[in-house]
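Student: So that we are looking at the same thing, I have put the structure below in structure tokens.
The values are calculated or read from the model by the stated rules, or taken from the named source; none is laboratory data. What you see is a predicted model, and the numbers here were worked out from it, not measured in a lab. Here the Cβ positions follow ideal geometry from the backbone for every residue, glycine too, while neighbour counts run over all protein chains shown. Just the protein is used for accessible areas: all its heavy atoms, side chains included, with ligands, DNA and RNA removed. Shrake-Rupley method; radii C 1.70, N 1.55, O 1.52, S 1.80 Å.
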Amino acid sequence: MSESFRRYLRALPDFPEALPDFDPSAAPADPAELFRQWLAEALAAGEPQPHACSLATVGANAQPSSRMLILKDIDDDGWHIATSRTSRKGKELAATPKAALNFYWPLQGRQVRVAGGVVELSAEASAADWHARPGADGSDNPDWRLYAVQPHEIEFWQARHDRRHVRHRYGPGPERG
């Protein structure tokens, strides 16, 4: 690594001056409720596409892969995402039905990580999602699939200027900092 590039990266702006507070002891028992609250706060703060997240999957030879997509819904089935079954991510989800989502809201200094197993939702739900897409022309796409990430673990992360970032984790086992 070149020293000048390293210095350049270290000099880039960090988090905004004003960051929201987060007290994990006041967090709701339902992580989806906290997520909806943080999503609304991100939208109110001017975050562009606050429903966008990275999706990480595992491909051949356990090679990780990630890309950006849009969260479709959260319900009892899990955290909904969609893609074509024939895409790289669709094939990876079929081969290894596990994934992680990461939402990042830099204006708030917040991120949410969701990890767990993945299930394919019904053909009817997938078709309805396809037809609800912007620019839908009424044609069908039998390869389009709606998936649900069923969280094993959800972590909420709030930045702090003193670098004592706050983490709040839902899931089995002890909370990690």
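Student: For the condition surrounded by 13 or more Cβ atoms within 10 Å (Cβ to Cβ) and modelled with pLDDT under 95, what is the one hit in HIS161, HIS80, HIS152?
Tutor: It is HIS161.
Student: Here is a further query. With the condition kept exactly as written, say whether any residue in region 57-70 is open to solvent by 80 Å² or more (accessible area, probe 1.4 Å), polar (S, T, N, Q), in a helix (DSSP H, G or I) and modelled with pLDDT under 95.
Tutor: Yes: region 57-70 contains one or more residues that are open to solvent by 80 Å² or more (accessible area, probe 1.4 Å), polar (S, T, N, Q), in a helix (DSSP H, G or I) and modelled with pLDDT under 95.
Student: Please work out if LEU12 is surrounded by 11 or more Cβ atoms within 10 Å (Cβ to Cβ) and either of a type in the set (A, V, I, L, M, F, W, C) or under 17 Å from TRP157 (Cβ atoms) (or both).
Tutor: no
Student: Looking for something over 15 Å from TRP157 (Cα atoms), touching a residue at least 40 places away in the same chain (Cβ under 8 Å), among the small types (Gly, Ala, Ser) and out of contact with any helix residue (DSSP H, G or I) (no Cβ under 9 Å at 6 or more places or on another chain) - is there at least one such residue anywhere in region 60-77?
Tutor: no
Student: Conditions: (1) among the hydroxyl-bearing types (Ser, Thr, Tyr); (2) more than 19 Å from the chain's Cα centre (by Cα); (3) open to solvent by less than 90 Å² (accessible area, probe 1.4 Å). SER54 meets all but one. Number of the miss?
Tutor: (2)
Student: May I ask you to verify whether HIS131 is touching a residue at least 24 places away in the same chain (Cβ under 8 Å) and either charged (D, E, K, R) or out of contact with any strand residue (DSSP E or B) (no Cβ under 8 Å at 6 or more places or on another chain) (or both)?
Tutor: No, not satisfied.
Student: Of all strands (runs of 3 or more DSSP E) completely enclosed by region 89-177, which ones contain at least 1 residues that are more than 22 Å from PHE22 (Cβ to Cβ) and among the small types (Gly, Ala, Ser)?
Tutor: Result: 98-105, 110-120, 144-158.
Student: Just the residues that are without any contact (Cβ under 8 Å) to a residue 12 or more places away in the chain and either on the phi > 0 side of the Ramachandran plot or among the charged types (D, E, K, R) (or both), please, taken from region 153-174.
Tutor: Matches in region 153-174: ASP162, ARG163, ARG164, GLY173.
Student: Identify, please: which residue in region 128-149 is open to solvent by less than 40 Å² (accessible area, probe 1.4 Å) and of a type outside the set (Asp, Glu) and is, among those, farthest from ALA26 (Cα to Cα)?
Tutor: Filtering region 128-149 for residues that are open to solvent by less than 40 Å² (accessible area, probe 1.4 Å) and of a type outside the set (Asp, Glu), the one farthest from ALA26 (Cα to Cα) comes out as TRP144.
Student: So, one more: Here are some residues: ALA26, ALA18, ALA32. Which one is open to solvent by less than 30 Å² (accessible area, probe 1.4 Å), within 20 Å of VAL166 (Cα to Cα) and either aromatic (Phe, Trp, Tyr) or out of contact with any Leu (no Cβ under 8 Å at 6 or more places or on another chain) (or both)?
Tutor: Only one candidate passes the filter, namely ALA32.
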